[in-house]
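Read the structure below first, then the notes.
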Amino acid sequence: MIEDPSKYWSTDILNGEYVKTERYPYYQLRLKTVAEILSQRGGGRILDIGCGGGHISVMCAAMGHEVWACDFAETQVKLTANKLAEWGYPPRVRQTNILDLSAHPADYFDVILALSPLEYVPKPKHPIAYREMRRVLRKDGYIINQVINGLFDAMTFNSFTVAFWREHILPEFFGPEDIERYIPMIAALMTHPNKPDVGTKYGSTRQEVESTVENPFTYADEVRQYGFEEVDRLYYHLHMLPPLLFEQLENGDAIENNAYRLEEKYRRHWIGMLLSGDWISILEPQIPGR
């Protein structure tokens with residue numbers, strides 16, 4: 001397990017793989033979703049935190065927005081800067097992370113894109129990240145924030161499910177000794193309790209990089225503590241079957257493509273909450289009287 005995700009995303013091999021996987025349908029769906037939100041709610045000056053390969057930064061610039069971007073991985077910063085310049089847009093890209101936005105003044109951005117960077121921030125440091133975003137966001141601005149759906153871990157029937165019971169359910173009822181007693185028993189109920197989510201060629205990176213997940217039932221209350229209101233939520237990356245089944249099915253790719261086509265139907269549905277690996281939140285700063 002790599003504890004410093006910036007090292008993982010800075011490797012040349014992975015860098016090439018990341019560029020390829022951005023053509024994967026779910027990334028295209030994310031582009032479309034962000035474009036729809038910006039078209040409906042408006043944009044302006046945008047900060048793309050965790051810009052990765054630069055595809056979303058370029059899209060936002062092409063829509064007429066003033067784009068600034070940052071990433072903690074040097075290779076991703078270079079990729080985004082080169083891609084923006086290649087398309088004729090100013091390469092305003094810095095190497096930094098969501099915990100330090102000091103290069104930007106207060107009340108500066110109309111929109112912040114945080115599409116997964118919080119996934120790589122340990123939970124105890126989340127208040128710092130939200131405080132930094134709130135500082136640089138205009139009072140009438142908003143955040144498009146993508147997080148891992150921790151509830152989906154209960155539906156994967158692999159090591160993530162075991163961890164879900166260990167971290168989120170058993171502590172509500174039992175002490176440490178009982179938890180350690182019950183965890184092997186829970187794992188014994190599953191066929192693959194030690195396997196990660198690698199059933200498809202687009203498998204999760206979570207078995208390689210330390211990641212943070214969110215609870216969809218408590219997330220709105222959590223961000224409220226940081227001065228934000230969650231005004232909308234779109235579930236994203238739908239699974240029609242547990243991920244481990246895809247490696248057993250000849251038509252696994254076809255089933256995944258069918259799930260992709262059903263994304264919009266279930267993005268606000270309870271099935272989406274259960275069977276989607278992520279969700280995208282719209283966060284607005286709390287303003288008295290608004």
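Things to note:
- Residue in region 50-61 that is out of contact with any helix residue (DSSP H, G or I) (no Cβ under 9 Å at 6 or more places or on another chain) and under 21 Å from ARG94 (Cβ atoms) present: no
- Lone unmet requirement of (1) modelled with pLDDT of 65 or more; (2) touching a Pro at 6+ places or on another chain (Cβ under 6 Å) for ASP178: (2)
- Filtered by the rule that a residue be buried (at least 20 other Cβ atoms within 10 Å of the Cβ) and in contact (Cβ under 8 Å) with a residue 40 or more places away in the chain, region 122-132 gives a lone residue, TYR130.
- For first residues located in region 21-33 and aromatic (Phe, Trp, Tyr), partners that are modelled with pLDDT under 80 and lie 6+ apart or on another chain with Cβ distances below 6 Å form the pairs TYR24/TYR202.
- The single condition from (1) at negative phi; (2) modelled with pLDDT of 95 or more that PHE152 fails is (2).
- The residue of region 91-137 that is nearest to LEU234 (Cα to Cα), among those that are among the polar types (S, T, N, Q) and touching a strand residue (DSSP E or B) at 6+ places or on another chain (Cβ under 9 Å), is SER116.
- Selected residue [hydroxyl-bearing (Ser, Thr, Tyr), surrounded by 14 or more Cβ atoms within 10 Å (Cβ to Cβ) and closer than 27 Å to GLU66 by Cα] from TYR182, TYR108: TYR108
- Taking each residue of region 159-171 that is on the phi < 0 side of the Ramachandran plot and hydroxyl-bearing (Ser, Thr, Tyr) and looking for partners that are buried (at least 19 other Cβ atoms within 10 Å of the Cβ) and part of a helix (DSSP H, G or I) with beta-carbon atoms closer than 6 Å, six or more apart or interchain, yields THR161/ASP153.
- Among the residues making up region 44-61, those that are part of a helix (DSSP H, G or I) and either surrounded by 24 or more Cβ atoms within 10 Å (Cβ to Cβ) or under 20 Å from the mean Cα position of the chain (by Cα) (or both) are HIS55, ILE56, SER57, VAL58, MET59, CYS60.
- Looking across region 101-114, just one residue is within 20 Å of VAL147 (Cβ to Cβ) and not aliphatic (A, V, I, L, M), and that is PHE109.
The values are calculated or read from the model by the stated rules, or taken from the named source; none is laboratory data. Worth saying up front: this structure is predicted, and the values here are computed from it rather than measured. When we count neighbours, we look across all protein chains shown, and the Cβ atoms used for this are built from the backbone with ideal geometry, even at glycine.
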